[in-house]
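Take a look at the structure set out below.
The values are calculated or read from the model by the stated rules, or taken from the named source; none is laboratory data. Values in this document were obtained by computation on a predicted structure and should not be read as measured data. Glycine gets a Cβ as well: all are built from the backbone with ideal geometry, and neighbour counts include every protein chain shown.
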Amino acid sequence: MNKEKMIHLVDTTLRDGSHAVSHEYTVEQISAIAGGLDAAGVEYIEVSHGDGLAGSSFNYGWSLTREEDMLIAAAKAIKKGKLTVLLLPGIGTVENLEHAARCGAKAVRVATHVTEADIAEQHIGIAKKLGLKTFGFLMMSHMAPPEKVLEQAKLFESYGADIIYVADSAGAMLPEDVKVRVGAVVDAVKVPVGFHAHNNLSLATANSLAALEAGASFLDGTCRGLGAGAGNTQIEVLTGVLDKAGYQTGVDFYKIMDVAEEVVEPIMHRPQVVRNAPLMLGYAGVYSSFLLHTYRAAEKFRLDPRDILVELGRRRMVGGQEDMIVDVAYQLAQKKGGSHEGR
Ligand SMILES: CC[C@H](O)CC(=O)C(=O)O
Ligand SMILES: [Mn+2]
């Protein structure tokens, strides 16, 4: 392991973390969190609806704060770092990206399912023309073998991505799974490689270290681990762990701990722990953003959320298929022959 290495941290409390507060951040909270992260020295501060630009909708959940207000508040609070946005082609559009750039975004992560990098060519090209630092972000990477992941990473690189991310969106990977995928991408591309973890199997920090050992130089985290499913890598913990392991991050350990404890913790809806359903997300390999939709469907059809998740995993459902959760729950309820609320 190269212990002299500089690791770039991306904080996504104000994007992935938004799932854990039902997308209810206020302008004041966004300013305080973005400002605190910036003062602590975080390089990339991601702000968007949990499902990216234009994610606020009936399907994905409404944001309390309008996208433009979120971005402007964060842009004002960030002095040194880069305001970063997430874009899923198909949810967000090129117009949303251009608007985000006008609001002050300096970087964008263009995310696709791990086998569908080709849908991002236009978005990556336009992001580059807008002068944004552009990440290609491969979601649900556990669903593809390393050869496929590296093939898709090369596509992103050919479109002009500056950084390629391997994302364990389901929090389903073991450290060896991370190493083989990240290692394959590191060997295949010339640009830096990053890793985004979910903590559904309590492995987010361990998997982040595995990614570094395989050659990654960008890592994601969130204050108190706030995020979809059981959350992401806890950034204040990661900062301390990386320091102990001899890596440089440029992040002030005390300051990031203070943001987590004084700014983020008071607004959390519940402690970010590995409850049974998030654990099942990781075990069954299901997209972490499905959690809240699954809880709702389980309540409606009087089912155990774990049974719905096992079925979603068996059917290999991917991000964007949120509407299928209710269908699956309905079918499970029918099979059980029990009463349900599906009227
Ligand atoms: C909605 C985008 C997606 O959830 C990105 C992400 O954080 C992940 O794949 O884990
Ligand atoms: Mn995520």
Taking the stretch 100-110 on its own, how many of its residues are surrounded by 24 or more Cβ atoms within 10 Å (Cβ to Cβ) and free of Cβ contacts under 8 Å to residues at least 60 places away in the same chain?
4
Expected output for the stretch 144-172 (first residue under 26 Å from residue 226 (Cβ atoms) and among the β-branched types (Val, Ile, Thr), partner within 16 Å of ligand 2 (Cβ to nearest atom) and assigned to a strand (DSSP E or B), Cβ below 6 Å, 6+ apart or cross-chain) is 163/135; 163/194; 163/218; 164/136; 166/138; 166/195
Scan the stretch 159-179 and tell me whether some residue there is surrounded by 20 or more Cβ atoms within 10 Å (Cβ to Cβ) and on the phi > 0 side of the Ramachandran plot.
yes
Any hit, the stretch 79-93, residues being in the same structural domain as residue 139 (by TED's automatic domain parsing), out of contact with any strand residue (DSSP E or B) (no Cβ under 7 Å at 6 or more places or on another chain), among the hydrophobic types (A, V, I, L, M, F, W, C) and away from ligand 1 (no atom under 15 Å from the Cβ):
no
So for the stretch 294-307 (the condition being within 17 Å of residue 228 (Cα to Cα) and of a type in the set (Lys, Arg)), does at least one residue qualify?
yes
Output yes when any residue across the stretch 124-131 is in contact (Cβ under 8 Å) with a residue 40 or more places away in the chain, of a type in the set (Lys, Arg) and away from ligand 2 (no atom under 16 Å from the Cβ), and no when none is.
no
Please name all residue pairs, on different chains or six or more residues apart, with Cβ atoms under 6 Å, provided the first residue is in the stretch 211-224 and is among the acidic types (Asp, Glu) and the second residue is part of a loop (DSSP other than H, G, I, E, B).
213/1
Could you tell me which residue of the stretch 48-73 is surrounded by the most Cβ atoms within 10 Å (Cβ to Cβ), considering only residues that are farther than 18 Å from residue 131 by Cβ and hydrophobic (A, V, I, L, M, F, W, C)?
70
Looking at the stretch 211-229, is at least one residue surrounded by fewer than 24 Cβ atoms within 10 Å (Cβ to Cβ) and either under 13 Å from the mean Cα position of the chain (by Cα) or within 16 Å of ligand 1 (Cβ to nearest atom) (or both)?
yes
Inspect all residues belonging to the stretch 53-66 and state whether any of them is modelled with pLDDT of 95 or more, of a type outside the set (Phe, Trp, Tyr) and within 16 Å of ligand 2 (Cβ to nearest atom).
yes
Got at least one residue in the stretch 237-248 being farther than 27 Å from residue 192 by Cα, more than 16 Å from ligand 2 (Cβ to nearest atom) and not aliphatic (A, V, I, L, M)?
no
Regarding the stretch 322-339, can at least one residue be identified that is under 29 Å from residue 175 (Cα atoms), away from ligand 1 (no atom under 16 Å from the Cβ) and not hydrophobic (A, V, I, L, M, F, W, C)?
no
